[in-house]
1. With the checklist (1) under 30 Å from K46 (Cβ atoms); (2) surrounded by 10 or more Cβ atoms within 10 Å (Cβ to Cβ); (3) at pLDDT 90 or above in hand, flag the one item L67 doesn't pass.
2. Would you check if there is a residue in the range 114-131 being surrounded by 10 or more Cβ atoms within 10 Å (Cβ to Cβ), of a type outside the set (A, V, I, L, M, F, W, C), out of contact with any helix residue (DSSP H, G or I) (no Cβ under 9 Å at 6 or more places or on another chain) and in contact (Cβ under 8 Å) with a residue 12 or more places away in the chain?
3. Output the residue which, of all residues in the range 41-51 that are assigned to a helix (DSSP H, G or I), modelled with pLDDT of 75 or more and out of contact with any helix residue (DSSP H, G or I) (no Cβ under 6 Å at 6 or more places or on another chain), is surrounded by the most Cβ atoms within 10 Å (Cβ to Cβ).
4. In the range 95-127, what residues are small (G, A, S) and not in a helix (DSSP H, G or I)?
5. Based on what the data block shows, is I81 modelled with pLDDT of 95 or more, assigned to a helix (DSSP H, G or I) and within 42 Å of the chain's Cα centre (by Cα)?
Amino acid sequence: MYTHNQHIDLTDLPSKEPVLPDGGEKQEKRGSSKSADAGLPKDNRKVSFKELIDGTFLVRENIIRQLPFVLFLTLLGVIYIGNRFHAERMVRQISELKTEVGNLRAEQITTTSELMNISRPSEVTSLVESRDLGLKESMVPPKKLKRK
């Protein structure tokens, strides 16, 4: 009968010491990268130029384990680029709006000065006469009304 409560004790597993082809155990040599890489499992070696060019380093187990982190960094890069484009667009828009505000301010000053010019009593009189509205300037000064 098969039971579901079987546990595996990981402390009893054999160590993953690489065994050299001559039957001996790995010897530690410092300064020599060829002998250090030869004893390592294939996934822990340094990436050679040939593997980089043909893309075989991408199928290694340690690279595949790092894939979520690489995708996260890619996403951050895309967000960074998008943020920069957005910021540049906003700077251009702000510059255009500043120019438009300057133009509108100049137009407002011009319109205000024209209105002040047209509102003068002598100018109003000349406009009424030129359009033949039949209005005449009063010679009697206005009277003030008082409330009782």
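The values are calculated or read from the model by the stated rules, or taken from the named source; none is laboratory data. Fair warning: this is a prediction, and the values are worked out from it, not measured in the lab. Because the Cβ atoms are built from the backbone with ideal geometry, glycine has one as well, and the counts that use them run over all protein chains shown.
1. (3)
2. Yes: one or more hits.
3. My answer is K50.
4. S119
5. yes
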